[in-house]
Every structure is written in C-alpha cells, then in structure tokens.
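One structure is given here, and the rest of the page talks about it.
The values are calculated or read from the model by the stated rules, or taken from the named source; none is laboratory data. If you're wondering where the values come from, they're calculated on a predicted model, not measured in any experiment. Please note: Cβ atoms are built from the backbone with ideal geometry, for glycine as well, and neighbour counts cover all protein chains shown.
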Amino acid sequence: MERMKDLKKVFKKEPIAFIPEYVKDKGSLTKVITKDLEVFYFNNRLNTVLKEMAKNHLVDINVVKKYIGDILGGSRVLPLFFDAENILVPIKVRKPINSNDSCYGYINLDYLKLDEKKNQILIDNKLEINVTQRIETIKEYIKKAEIIKEGYINTPFISLNERNTYELINRPVTKLDMAILRHELLNIKKLLLKLKNKKDRK
C-alpha cells in the first residue's frame, strides 16, 4: 500500500489509469496503473488522487472540469484534460457502495482499447478491466475525449505556422481556445520550474 507522499514518485512513472476499488477491511482505495503497467494502490479516494495529478501538471482540476463542461455541454460525466498526452476517459468500473463512492475510473485516451465481445476495456492492449456499462456508452465518452484532443492539437495558439496564425487573427476566440491557451501558459510555467530546480541543484 502506497502513501500519499509517494504519489510524486508514481507520477514520474507516467500514470495512464486511475481505478477506484473497494477492498474488504481496508475500504475505498485507488489503483494507479503506469505506462509500464506497474500497479500501485493508494489508501485515498479517487478524487483526491486526481486532484494531486492535476497539481502535478500545475492545473486546477475544478477549472478543467468547468472548461470541459462549457465546451462539451453540461454533463455529470466528462473527460479530464491535463495536457495533450494526458486526456482521461471516464469509465464506469463498479457499482457505488454509497452516495459518496466513486464508481468511475479514468483511463488515458491513448492507451484505451475496447473488447466488445467481453464487454471489457484493455489498457495498452494487455491489461483487462471489467466495466459496468454498455460499450456504446464508453464509445460516446471516447468521442468526447477525442474532441478535446483534436481541439488541442489544431488550436492556432500552439501552431508554429506564423502565416496560419495571421490568417486566423479575425476568427472569434472560443472557450476551447482560452482553455488551451491557459494550459499552454501553465506548461511553460511548469518547464521554467523544472529548469529552476535543475539550476538550484547545481
């Protein structure tokens, strides 16, 4: 069982899935799966772990949820977006035990595959995760996550093509543009902090 202070070490291993689980005599835990398919268990609720993940990316998770809700339309279940490589799809993985219980896990869009025959999802085509909702519903969540990713990649704010940027000068700024601009500024801040830390260690 990992402690909260170990989260930063796990974040360096690039988490790609966050799954809520209930373990007898231990209560609600969060299973974190990394890019190398290492599995870590934390004695913390899913929302707490996700908030720490957001902080690790210098992002306010409540602001992220608001922006995505504005872009995709009001919905209780939405993808999470920390940066272009960390767009998480909500997947219902269990039935809630009580009203405060998390029943949705979050899987990185780039590592999520569907097994329609078994009504399961696959992480990186290897690790099987059982789900408690229709595959068609999961496909809808995936589409929403893809909209966020496509908007991020195609935004003029991160384009290196100066000519295209000037051509788009008169285009109205959308909420997605503003959300992505904010994320880009936060990514720059994150990079500067890393450079400062390296300099301080010398």
Given the criteria out of contact with any helix residue (DSSP H, G or I) (no Cβ under 8 Å at 6 or more places or on another chain), touching a residue at least 24 places away in the same chain (Cβ under 8 Å) and either aliphatic (A, V, I, L, M) or surrounded by 21 or more Cβ atoms within 10 Å (Cβ to Cβ) (or both), does LEU58 qualify? no
Evaluate segment 20-40: report whether one residue or more is in contact with a helix residue (DSSP H, G or I) (Cβ under 7 Å, 6 or more places away or on another chain), touching a residue at least 12 places away in the same chain (Cβ under 8 Å) and outside any strand (DSSP E or B). no
Tell me, yes or no, whether segment 103-118 has at least one residue that is closer than 23 Å to PRO15 by Cα, modelled with pLDDT under 90 and not hydroxyl-bearing (Ser, Thr, Tyr). no
Is at least one residue of segment 72-89 farther than 20 Å from LEU109 by Cβ and of a type outside the set (Gly, Ala, Ser)? no
Please work out which residue is nearest to ASN100 (Cα to Cα), limiting yourself to segment 12-40 and to residues that are crowded, with 17+ Cβ neighbours inside 10 Å and aromatic (Phe, Trp, Tyr). PHE18
